[in-house]
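Below is one structure; the comments refer to it alone.
Only the coordinates and a few stated rules stand behind these numbers; no lab work does. What you see is a predicted model, and the numbers here were worked out from it, not measured in a lab. All Cβ positions, glycine included, derive from the backbone under ideal geometry; neighbour counts span all protein chains shown.
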């Protein structure tokens, strides 16, 4: 809006005069804006209500129309401290007996204190506690055996990581200098044993505090001792095959890395030749370094008078040295990769590149390892169990164990404490000689609560709809303009607008349609097995016109509902019906819900140009009306602006004329005064 300075000559309050002159047009603008605001509030009210209706429609009613959603089963356990049971819908109604014989356990070893003076940390080397390089131990868990060979520089932490890689949980407690090792899962098959694969391996386990000769470990040693020649050959072949595949995979990765390094070095060599005109591999580094040092000294001695040419030459020589050093560093990496390739290939027979097989070195190593493992196992077993017990570490070992239950006289075993049997999920909690009972039945309380929950949600929505439809008329109230708001306090404005919003859906045709449709479905009941039934057949009724609170006359109450003071003293016919004939109750409410769902689905269908899919009110029409108001406001405001401009121009012309007249009077007065 332009800034206007008026009334300078006439002394008139032009602003006020013009405001009065255009007041009629301003009222037209405000009138359209108020209608638009009223419509906006109506849209907001409907959006909120629509979401509540849609929630009831899609969630609650959508679920209740399916009979399977009522078919919940529960199982009562005579002693819930021994077992807990979750019932699926497919569980049979029956009473069964259960006995928890054993609970599943997870294998766990608490190692003896590492036998060394002073502290031991994760970074301590195994060699520092007297363990020889080449000592080998075997971890067997979940049917898989993994050898761990101790190297010269292996640390406690590195050994712990090897244990984890072998398939067990492992940690070293620095404070107490003990290993803690556990199976990853409960159950006998998931338990672990740690055995020595050679004589030094036995010594290593002893010094690490994890040498155990428990029953499962002895059986593992006996398995090795008693291996037949065929079993031994099969074990060797399996290990050779496994290591062969590992070496082939390692070789492929190393060859890729070698090619990558070679290509990179070739690029660096070509770039160096282009930049410096010489072969990077023939550069004399000592000579280059001397040139750099000499030039640095020259520049430092020259101080501020050092030439730019010398500085540029120094930068060039330094760049050259950097390129040479990077090339040499990468060449060392390539040499290391090449060495590793040679080491890996020493285990392979590459005579046929299309069919790489195990080399003699690999075959010999595996055979020697198995000979050592079998000899070590034989020596240990021959010592005798009593003597072995005297040699083992003071470990605490809990064996992995399967759970064992007896259900109706039939034994079941599992690696954990949860069993799934014929629709029941049984979790064993406590071993006991007591035989408990499990009684599976239909969850009648669940059916009752489902119906009660539906009615509670339906009533809340219906009461709100009735309240909105029957709201007090506020025809004398309309939205306030900005000018009107300035004349009131914030609280008064809030109260004024709340009164309008509370009645915004009064006598709304869309609200009447959806509300009436829902009420009619509820009143009509449903047909079950050819018989017409109503909500009243199950003790569900409204309170009546004079008994119900205002705007709560269409709410349904369950007779005997302890949470409903109005009917709590009556007999609960719904509970009785569910107990006596649950199928009829479920059939009735499934059909009633289906009828209600069908009606709401029909009411929420899209109508071209009127309403969107999922809307129970004319949202598209309202939006079109809102947009029309925007255009009307724009046109009315344009008229108001044109009218104001017209009057300002007229008053401006008057001011100009008066200014000229005053100027002429001054001139005449001056002329007369000079005579």
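At 0.36 nm per residue, and after removing the present C-alpha to C-alpha distance, how many nm does the segment from residue 598 to residue 398 gain when stretched out fully? Don't jump to the answer; show the numbers that get you there.
Values: separation 200, 0.36 × 200 = 72.00 nm, distance 6.16 nm.
That pair, residue 598 and residue 398, stretches by 65.8 nm at full extension.
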Subject >> Part-to-part distance (alpha-carbon centres) for region 284-305 and region 531-602, which is given in Å >> reply: 101
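Test of understanding: what is the full-extension gain from residue 262 to residue 308, defined as 0.36 nm times their sequence separation minus their Cα-Cα distance? Present the calculation step by step, with values, prior to reporting the outcome.
On the way: separation 46, 0.36 × 46 = 16.56 nm, distance 3.76 nm.
Roughly 12.8 nm would be gained on extension.
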**OP:** Once every Cα of region 255-347 carries one equal point scatterer and solvent is ignored, give the base-10 log of I(q)/I(0) from the Debye formula at q = 0.16, 0.17, 0.24, 0.26 Å⁻¹, two decimals.
**Re:** -0.74, -0.79, -1.15, -1.24
Original post:
Within the P(r) computed for region 476-590, what percentage of the Cα pairs occupies the region above 23 Å?
Top reply: 54
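How high is the FRET efficiency from residue 253 to residue 146, r the C-beta distance, R0 22 Å, rounded to 0.05?
Numbers: r = 21 Å, r/R0 = 0.95.
After rounding, the FRET efficiency stands at 0.55.
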Subject >> Distance histogram in 20 Å bins (all Cα pairs of the chain, percent per bin) >> reply: 11, 20, 18, 23, 21, 6, 1, 0
Original post:
Taking neighbour counts of Cβ atoms within 10 Å as a proxy for exposure, in what order, fewest first, do 80, 124 appear?
Top reply: 80, 124
**OP:** Once you have the Cα-Cα distance between residue 581 and residue 80, take 0.36 nm times their residue separation minus that, and quote the gain in nm to one decimal.
**Re:** 177.4 nm
Subject >> Cα-projected label distance for residue 489 with residue 473, points at 7 Å along beta-carbon direction, nm >> reply: 3.1
Original post:
How far is it, in nm, from the label point at residue 565 to the one at residue 245 when both lie 7 Å from their Cα along the line to the Cβ?
Top reply: 7.5
Subject >> Sites residue 269 and residue 343, calculated FRET efficiency, Cβ-Cβ separation with R0 25 Å, nearest 0.05 >> reply: 0.40
**OP:** Compute the separation of the alpha-carbon centres of region 308-340 and region 343-420 and state it in Å as a whole number.
**Re:** 51
Original post:
Going 7 Å from the Cα of residue 101 in the Cα-to-Cβ direction, what parts of region 386-414 have a backbone nitrogen less than 11 Å from that spot?
Top reply: 403-407, 409-414
Original post:
Is region 334-427 best put as rounded, prolate or oblate by its Cα gyration tensor, with a ≥ b ≥ c the root eigenvalues, rounded for a/c under 1.5, and otherwise prolate when a/b is larger than b/c, oblate when not?
Top reply: oblate
Original post:
From a point 7 Å beyond the Cα of residue 281 in the direction of its Cβ, which residues of region 299-326 have a backbone N at a distance under 17 Å?
Top reply: 324-326
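Using packing as a proxy for protection, rank 133-139, 391-397 so that the peptide with the highest average count of other Cβ atoms within 10 Å comes first.
Numbers: 133-139: 20.0, 391-397: 16.9.
With the highest mean Cβ count within 10 Å placed first, the list reads 133-139, 391-397.
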Original post:
Using the 10 angstrom Cβ neighbour count as an exposure proxy, how do 172, 57 rank, fewest first?
Top reply: 57, 172
**OP:** Specify the angular offset, from 0 to 90 degrees and rounded to the nearest 10, of the alpha carbon long axis of helix 490-502 from the longest principal axis of the alpha carbons in the chain.
**Re:** 90
Original post:
Roughly what would the spin-label model give for residue 184 and residue 329, points 7 Å off Cα along C-beta, in nm?
Top reply: 3.8
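With 10 angstrom as the radius, rank 231, 599 by how many other C-beta atoms surround their C-beta, starting from the fewest. Can you show the working numbers first?
Numbers: 231 12, 599 17.
Ranked by crowding around the Cβ, least crowded first: 231, 599.
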**OP:** For the chain, find the longest principal axis of its Cα atoms and tell me its angle to the long axis of helix 199-208, 0 to 90°, nearest 10.
**Re:** 50
Subject >> Using distinct alpha-carbon pairs, which all enter the 1/r mean, Kirkwood radius of region 158-263 in Å >> reply: 17.1
Original post:
Taking the Cβ-Cβ separation of residue 444 and residue 534 as r and a Förster radius of 25 Å, what is the calculated FRET efficiency to the nearest 0.05?
Top reply: 0.70
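What is the packing order of peptides 434-440, 378-384, taking the mean over residues of other C-beta atoms within 10 Å and listing the highest first? Kindly include the intermediate steps, with their values, before the conclusion.
Working: 434-440: 16.1, 378-384: 14.4.
Averaged packing, sorted descending, gives the order 434-440, 378-384.
Applying a 10 Å radius around every beta-carbon, put 298-309, 268-279, 240-251 in order of their mean neighbour count, most first.
Those peptides, ordered most packed to least, come out 240-251, 268-279, 298-309.
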Original post:
Taking a point 7 angstrom from the Cα of residue 125 along the C-beta vector, which residues in region 155-185 have backbone N less than 12 Å away?
Top reply: 155-156
Original post:
How many angstrom separate the Cα center of region 631-649 from the Cα center of region 221-235?
Top reply: 104
**OP:** Calculate how steeply helix 229-276 sits against the longest principal axis of the alpha-carbon atoms of the chain, using the helix alpha-carbon long axis, and give the answer as 0 to 90 degrees to the nearest 10.
**Re:** 60
